[in-house]
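Input: a single structure, listed below in structure tokens.
Values in this text are rule-based calculations from the coordinates and carry no lab data. Computed from a predicted structure; not experimentally measured. Cβ placement follows ideal geometry from the backbone for every residue including glycine, while neighbour counts extend to all protein chains displayed.
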Amino acid sequence: MNPRLLEERPADPPIGYKIAHPMLSRDLTRAGFLGVALGGREPYSVLDDAHCAYGHRHRVPSRRCDCGFHALNSRASALGLTCTAEHRTAVLLEVAVLGVYLRYELGFRYARQRVRTMTVGCCPCLGRTTLLADAGWGRPGWHALEAACGGCVRGRMALTLSDFARIAGQGLSVLRAGQIARTPAGC
């Protein structure tokens, strides 16, 4: 006998938390995010559908594959991922989990998402972040961005947080870490 799990049909989409790197297209007309794990090859938009990272042609998420968007249940768990050196410049995303999803003990794996909020940390100098500046790396056709204060930009291409939200579109809200009560307010 194969017991089936109960289907969830929530009135509102579940909320998840993840980290990613903000990205800006070379022609400065599109903004998105680059994941830090399995799907970190191609930037995704504020509202986007997941694809199988292995190129298989199946519905995402599949129980037999680990593809799809991934998010954690807890903001604190997602922020904990920014403690590692390679993820220090990542931003925290709050996402609405849309479409088909698989729930597991730490979060979700799902087919579609809407990034609702992007929270930017401090500038590396610990100054107050006012800009997103070119991080010095990227993907073909995309610049990676990192938090910066006005004094640390030093001639790099940069845009304001509100300009990033406007280019990204879809109602994205951009916050500084100090604007959230649960994070350190020193930024």
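Assorted remarks:
- Using a Förster distance of 41 Å, the FRET efficiency for ASP49-LEU28 (Cβ separation, nearest 0.05): 0.95
- GluC sites (Glu not before Pro) within the range 78-167, DSSP loop, no more than 12 other Cβ atoms inside 10 Å: GLU105
- With R₀ fixed at 35 Å, the C-beta to C-beta distance from ARG9 to SER77 puts the FRET efficiency at about 0.85.
- The range 15-175: Rg to Rh, with Rh as the Kirkwood radius over Cα pairs: 0.97
- Tensor-based shape of the range 24-83 (alpha-carbon gyration tensor, a/c under 1.5 rounded, otherwise prolate or oblate): oblate
- Approximating the spin labels as points 7 Å out from Cα along Cα→Cβ, the ARG166-to-LEU106 distance works out to 3.9 nm.
- Helix-only mean residue ellipticity at 222 nm for the chain, each DSSP H run of n ≥ 4 adding -39500 (n - 2.57), per residue, nearest 500: -2000 deg cm²/dmol
- Projecting label points 7 angstrom from Cα along Cα→Cβ for LEU38 and ARG59 puts them 1.7 nm apart.
- Once you divide the Cα radius of gyration of the range 1-103 by 2.2 N^0.38 Å, the number left is 1.19.
- Modelled spin labels at GLU86 and MET157, positioned 7 Å past Cα toward Cβ, are 2.5 nm from each other.
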